[in-house]
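Q: Sharing a structure here in structure tokens format.
Read-outs throughout are calculated quantities, based only on the coordinates presented, and are distinct from any laboratory measurement. Since we're looking at a predicted model, the values are computed, not measured. Positions of Cβ are backbone-derived with ideal geometry, glycine not excepted, and every protein chain shown enters the neighbour counts.
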Amino acid sequence: MTARLDNDLKNFHFEEMGWVISFPHRGNENRKYLYYSVQFWNRKTNSSGTVCLAEKVDTPEFEAHFPHTVGFFKGQINDKTDLKSAYLEIRVINSIEEFWKFLNDLNI
């Protein structure tokens with residue numbers, strides 16, 4: 001199975017967890033980040049799908065692994081893409097609030 005994400009998505013790679021969370025340009029108006037509908041891809045298990053962001057970030061699995069190294073990028077990817085070379089920005093986040101700030105800084 002190969003996941004492919006659309007060009008117009010804003011993608012965030014959580015390096016240590018092997019997760020890619022992708023935000024569409026439309027469809028989440030007037031929602032708080034926690035309740036955004038996003039595309040999710042776990043590169044370690046090769047599972048993917050559309051989920052509510054809370055299903056991933058409001059879990060012990062996510063919260064127990066801070067800090068997270070998060071790379072931001074745009075464009076299409078698949079299971080062979082070297083994500084690190086696609087990064088436009090990278091940050092180490094120590095809390096969910098720092099992730100929200102990262103999203104705000106990028107106008108998500």
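Q: Based on other C-beta atoms within 10 Å, arrange Lys80, Lys44, Lys74 from fewest to most. Please list the in-between numbers first.
A: Numbers: Lys80 6, Lys44 9, Lys74 15.
Least crowded to most crowded, the residues run Lys80, Lys44, Lys74.
Q: Follow-up. Taking the mean number of other Cβ atoms within 10 Å as a proxy for protection, how do you rank 57-67, 96-106, 14-24 from highest to lowest?
A: Working: 57-67: 11.9, 96-106: 14.5, 14-24: 18.4.
In descending order of packing, they fall as 14-24, 96-106, 57-67.
Q: Do the sum for the chain: with -39,500 (n - 2.57) for every DSSP H run of n ≥ 4, divided by all residues, what is the mean residue ellipticity at 222 nm, to the nearest 500 deg cm²/dmol?
A: Working: 4 runs with 22 residues, N = 108.
The per-residue figure over the chain is -4500 deg cm²/dmol.
Q: Given (i) 14, 42, 29, 12, 3; (ii) 15, 50, 30, 5, 0; (iii) 14, 54, 31, 1 as candidate values of P(r) over Cα pairs in 10 Å bins from 0, in percent, which corresponds to the one derived from the coordinates?
A: (iii)
Q: Remind me, relative contact order of segment 10-105 in percent, using alpha carbon pairs under 8 angstrom and six or more residues apart?
A: On the way: 143 pairs, mean separation 24.8, N = 96.
The normalised contact order for segment 10-105 reaches 26 percent.
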